[in-house]
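> Questions regarding the structure given below will be posed in turn.
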Amino acid sequence: LNKIPIFQIIQGLAMKKKAENVIDLTSEIGFPKKRRRTYIDLSTDEEDDVELVFVRAQHREDKLLARQVQNEMETIQQQIFRDAKLAKSLNNEFIKSYEAQKVSRVNDKRNFTDLLDLSKPAQSLRGITEGIMNSNTETFIQGDDGFKTCAKYCFKCMIEREQAHNADYICFYHAYNYAALVYEIQGTIARVLYGLPSSSPPLTRLLRGPFLKNPTMNSLKTEFPRMAKQDHNPKFRALAICTSLNIFGIGTEAPPMTCFGPGYGGGDPPNYRNILQDLFNNLLGPNTTININTLLDDLIRIGAKYNLATQPYMGPHALGGSRQLTIGHMLQIFVRRTKVDLLAYPCRPMGVPFKQTLSNYVRSGKLVGGQARLFAHPKEFLGTDIISYHYAAVPEMCSPEIHSGQLTRGALLRDIETSMYSHGVFEDLTYLRERIHNCEQFASQRPPVKPLQKKKKSRRS
């Protein structure tokens, strides 16, 4: 072993043993103490990926190559760190400022453009005059004075985040209402399983099973012409979300400013209780001892307490939940430009694709408008190439604060997590991760209902 270059040893053993980290590899092969110490020193921590350590070992053998690649790695790491730090600072700034201003219930009479720094480029600002910005803001944002003030502040923050990420990302807007409880439940599960921060945004898709047969956006586009109802097809909806490319609503059926208050549902809402039941059936498996119906009752009650739109979770004539116009939620999603063509495409209504790629679509016009469909693979949304921010029409739903006694988003997430813990959902985290990755079906495991058969009338003699 001492005569062979260390990077060759690591490469061969990693391929043979398929070890995932330093501890597994060194404990399995009985590395000599001196060489083992050298190997461990190549890692920044004991859980480093074997492939990464192999690269570092190889660099150590070739100092010239090491310097070149190290510079590239440092550049990439600095970019990732800069993006993460920027995202965190923008989020903290938004929360801090919003907390200070949300108590204001008077209409800000200033024009929307007076709140912006128009000297910095942004996707939604390109090619649009100040007159159109101000008129669209006044036309589309409808409600009382307090709602208008809060909405304007949220859209101001959206523009500022567009300007901050403009060089490296393309921005998408996803408006929703009834799906809010599903998204928050999925986001809570992901936070517990993967150790995400408490301020992380809702998650639009959690189970990876539906993506096994269509692992890429290109495979979904290939199958799209054969889908009945186009992007309203349940299979399409399990894989992608509808988005707009401009907050002023240029060329889209769901303008973000119009949808900010009421949200967007895309037609009659489905039975969301069935959707939640499908989620937990697939997540917990057929042998679970958890009473899923009791769990759902508890989660829906929590959603109604926090004024989420829960009517479609209870049936068409159910009471409870919010019936006001401020039930809207919005995700501002930034996708790295180097990956955007793999995850999104520009389209007409109903998701009919344009021929050009999304990056060319965004570059080609004088202004950026229209709509797009975004591949919602949870691996991508939990990775480093997508940054998401959450907004809501109700000010408290923008706040991560927990102990104020108000109906904030932070308190909502705490109650959802507490409920799932109390019902035993998180007893075996390893099993849950396996179910998320390997569950092939999104359909419920409930047995099909057999149609009633009419009894034949016997003939009278």
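> Any idea which residue in segment 162-185 is surrounded by the most Cβ atoms within 10 Å (Cβ to Cβ), counting only those that are under 14 Å from the mean Cα position of the chain (by Cα) and more than 15 Å from residue 410 (Cα to Cα)?
173
> I would also like to ask the following. Mind checking which residues of segment 378-396 are buried (at least 18 other Cβ atoms within 10 Å of the Cβ) and among the hydroxyl-bearing types (Ser, Thr, Tyr)?
388, 389, 391
> Now, a different point. Restricting attention to segment 213-231, which residues are hydrophobic (A, V, I, L, M, F, W, C), surrounded by 13 or more Cβ atoms within 10 Å (Cβ to Cβ) and either assigned to a loop (DSSP other than H, G, I, E, B) or without any contact (Cβ under 8 Å) to a residue 24 or more places away in the chain (or both)?
Correct list: 227 only.
> Still on this structure, please answer the following. Checking residue 110 against (1) without any contact (Cβ under 8 Å) to a residue 12 or more places away in the chain; (2) within 13 Å of residue 330 (Cβ to Cβ): exactly one of these is not met. Which one?
The number of the failed condition is (2).
> Continuing with the same structure: Can you tell me which of (1) open to solvent by 10 Å² or more (accessible area, probe 1.4 Å); (2) more than 19 Å from residue 192 (Cα to Cα) is the one residue 399 doesn't meet?
Unmet for residue 399, out of (1) open to solvent by 10 Å² or more (accessible area, probe 1.4 Å); (2) more than 19 Å from residue 192 (Cα to Cα): (1).
> Here is a follow-up. Can you name the number of the only condition in (1) within 21 Å of residue 386 (Cα to Cα); (2) open to solvent by 10 Å² or more (accessible area, probe 1.4 Å); (3) in contact with a Phe, Trp or Tyr (Cβ under 9 Å, 6 or more places away or on another chain); (4) not in a helix (DSSP H, G or I) that residue 249 fails?
Residue 249 satisfies all of (1) within 21 Å of residue 386 (Cα to Cα); (2) open to solvent by 10 Å² or more (accessible area, probe 1.4 Å); (3) in contact with a Phe, Trp or Tyr (Cβ under 9 Å, 6 or more places away or on another chain); (4) not in a helix (DSSP H, G or I) except (1).
> Here is a list: 200, 119, 124. Which entry is touching a helix residue (DSSP H, G or I) at 6+ places or on another chain (Cβ under 8 Å), surrounded by fewer than 22 Cβ atoms within 10 Å (Cβ to Cβ), part of a loop (DSSP other than H, G, I, E, B) and not aromatic (Phe, Trp, Tyr)?
Going through 200, 119, 124 in turn, just one is touching a helix residue (DSSP H, G or I) at 6+ places or on another chain (Cβ under 8 Å), surrounded by fewer than 22 Cβ atoms within 10 Å (Cβ to Cβ), part of a loop (DSSP other than H, G, I, E, B) and not aromatic (Phe, Trp, Tyr): 200.
> Please enumerate the residues belonging to segment 343-376 that are touching an Asp or Glu at 6+ places or on another chain (Cβ under 9 Å) and open to solvent by 50 Å² or more (accessible area, probe 1.4 Å).
Answer for segment 343-376, where residues must be touching an Asp or Glu at 6+ places or on another chain (Cβ under 9 Å) and open to solvent by 50 Å² or more (accessible area, probe 1.4 Å): 349, 350, 357, 360.
> Could you grab me the full set of residues in segment 156-175 that are closer than 21 Å to residue 344 by Cα, touching a Phe, Trp or Tyr at 6+ places or on another chain (Cβ under 6 Å) and outside any strand (DSSP E or B)?
The answer is 165, and nothing else.
> So the check is Cβ under 7 Å with 6+ separation or different chains; which pairs have a first residue in segment 350-361 that's closer than 17 Å to residue 335 by Cβ and a second one that's surrounded by fewer than 16 Cβ atoms within 10 Å (Cβ to Cβ) and among the aromatic types (Phe, Trp, Tyr)?
361/354
> Further question: Quick check on segment 256-272: of everything there that is open to solvent by 20 Å² or more (accessible area, probe 1.4 Å) and assigned to a loop (DSSP other than H, G, I, E, B), which residue is nearest to residue 113 (Cα to Cα)?
Looking at residues that are open to solvent by 20 Å² or more (accessible area, probe 1.4 Å) and assigned to a loop (DSSP other than H, G, I, E, B), I get 262.
The values are calculated or read from the model by the stated rules, or taken from the named source; none is laboratory data. The structure presented is a predicted model; accordingly, all values stated were derived computationally and were not measured. Note: ideal-geometry Cβ built from the backbone for every residue, glycine included; neighbour counts use all protein chains shown. For the accessible areas, the whole protein counts, side chains as well, though only heavy atoms, and no ligand, DNA or RNA atoms are used. Shrake-Rupley method; radii C 1.70, N 1.55, O 1.52, S 1.80 Å.
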